[in-house]
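*Asks:* Attaching a single structure in structure tokens format; questions to follow.
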């Protein structure tokens, strides 16, 4: 009698057990070896730039699916998360299993060989532009850049419909801009063409813009009416303020490309718990994981998980603000931006 290979016997026993007893295993896309490896590791260390309350909820949902894994979260601003990780890497102190922050910061780690390639079982659900071509990172949630305005001061039918409309003399002194909008600046030049784009930026600067640090602050200034219009707001933040707080704010739905920044997720090159990291990344990219982001009023990166409300992406031509060229041209981009908009 021929003996059956051990791997096949294990698989058949696994299938018999699940079919007979109705047990549902959480990661059908994962091999038994990865799940068993994660059980042995039993821990996840999650470095994130997402708000602590949100990242805690997200990690707790993961723990419900994989109760044999305990998690630890380090949460700070994206820059501080990056600095901590780089400092640890220099001393060869590797703690992080997941690194999740701005795609620019994640891409910087890739450039230094500090994230590892992992082709997720959810890879095909993500369109080109919103994932690394080699599998080093994936978009986690989206940040569509839009023009926001105060609806008490500007009726919707009079609001600017495009960036070019901002050049109308009637908006002079009434427009706000985030003081480090390098991603928006770089990609709008690509969309318009460098020569035409620089000409637009110089003309926009003559509108006596009010420069502020942070999109959250600019949104509050729009709501208060201190700054009637602001460039480069995140549409989900405007929508949340309008729908849940009754704020007098709305945003412009562009007919052309909507520059879309995004937060990305990756696995560090020296992750101490690699199997757990793979489970977490797959969960984060799955329909189930992406649906959790809707509870935070975020825009899921996965196209088949619609945000709330769906209009945050419906009808928009989302243009992925990929990081590679910006990083390669960062100094030149920042210098041009500061010179044109007179940023100290």
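The values are calculated or read from the model by the stated rules, or taken from the named source; none is laboratory data. The structure displayed is predicted, hence computed values, not measured ones. Please note: Cβ atoms are built from the backbone with ideal geometry, for glycine as well, and neighbour counts cover all protein chains shown.
*Asks:* Quick one: which residue in 328, 291, 249, 334 is free of Cβ contacts under 8 Å to residues at least 60 places away in the same chain and not assigned by TED's automatic domain parsing to the domain that holds residue 35? Spell out how you get there, then give the answer.
*Replies:* Details: 291 fails: not assigned by TED's automatic domain parsing to the domain that holds residue 35; 249 fails: free of Cβ contacts under 8 Å to residues at least 60 places away in the same chain; 334 fails: free of Cβ contacts under 8 Å to residues at least 60 places away in the same chain.
Going through 328, 291, 249, 334 in turn, the sole match is 328.
*Asks:* Let me ask something additional. Which condition does residue 190 not pass, out of (1) surrounded by 20 or more Cβ atoms within 10 Å (Cβ to Cβ); (2) closer than 24 Å to residue 321 by Cα, if it passes all the others?
*Replies:* Going through (1) surrounded by 20 or more Cβ atoms within 10 Å (Cβ to Cβ); (2) closer than 24 Å to residue 321 by Cα one by one, residue 190 breaks only (1).
*Asks:* Which of the residues spanning the stretch 289-344 are part of a helix (DSSP H, G or I), farther than 21 Å from residue 187 by Cβ and in contact with a helix residue (DSSP H, G or I) (Cβ under 7 Å, 6 or more places away or on another chain)?
*Replies:* In the first step, residues of the stretch 289-344 are kept if they are part of a helix (DSSP H, G or I); the result is 289-294, 310-312, 324-328, 330-341.
The next check asks that each one be farther than 21 Å from residue 187 by Cβ; those that pass are 289-294, 310-311.
If the condition is that a residue be part of a helix (DSSP H, G or I), farther than 21 Å from residue 187 by Cβ and in contact with a helix residue (DSSP H, G or I) (Cβ under 7 Å, 6 or more places away or on another chain), then 289, 292 are the ones that fit.
*Asks:* Does residue 180 satisfy the condition of being part of a helix (DSSP H, G or I) and within 21 Å of residue 342 (Cα to Cα)? Spell out the reasoning first.
*Replies:* On the way: part of a helix (DSSP H, G or I): no; within 21 Å of residue 342 (Cα to Cα): yes.
When the stated conditions are applied, residue 180 does not pass them.
*Asks:* Being within 30 Å of residue 288 (Cβ to Cβ), surrounded by 18 or more Cβ atoms within 10 Å (Cβ to Cβ), modelled with pLDDT of 95 or more and out of contact with any helix residue (DSSP H, G or I) (no Cβ under 6 Å at 6 or more places or on another chain) narrows it down to one residue among 174, 124, 131, 117; which is it?
*Replies:* Numbers: 174 fails: within 30 Å of residue 288 (Cβ to Cβ); 124 fails: surrounded by 18 or more Cβ atoms within 10 Å (Cβ to Cβ); 117 fails: surrounded by 18 or more Cβ atoms within 10 Å (Cβ to Cβ).
Of 174, 124, 131, 117, the one residue that is within 30 Å of residue 288 (Cβ to Cβ), surrounded by 18 or more Cβ atoms within 10 Å (Cβ to Cβ), modelled with pLDDT of 95 or more and out of contact with any helix residue (DSSP H, G or I) (no Cβ under 6 Å at 6 or more places or on another chain) is 131.
*Asks:* Next question, about the same structure. Is one or more of the residues making up the stretch 134-157 outside any strand (DSSP E or B), within 30 Å of residue 267 (Cα to Cα), in contact with a helix residue (DSSP H, G or I) (Cβ under 8 Å, 6 or more places away or on another chain) and in contact (Cβ under 8 Å) with a residue 40 or more places away in the chain?
*Replies:* At the first step, the residues of the stretch 134-157 found to be outside any strand (DSSP E or B) are 134-137, 151-157.
After this cut, where a residue has to be within 30 Å of residue 267 (Cα to Cα) as well, the list is 134-137.
Going one step further and asking which of them are in contact with a helix residue (DSSP H, G or I) (Cβ under 8 Å, 6 or more places away or on another chain), we end up with 135-137.
Subset that is in contact (Cβ under 8 Å) with a residue 40 or more places away in the chain: 136-137.
Yes, that holds for at least one residue.
*Asks:* I'd like the full set of residues that are in a helix (DSSP H, G or I) and surrounded by 13 or more Cβ atoms within 10 Å (Cβ to Cβ), limited to the stretch 61-78.
*Replies:* Residues of the stretch 61-78 that are in a helix (DSSP H, G or I), as a first pass: 61-65, 78.
61, 62, 63, 65, 78, listed by residue number.
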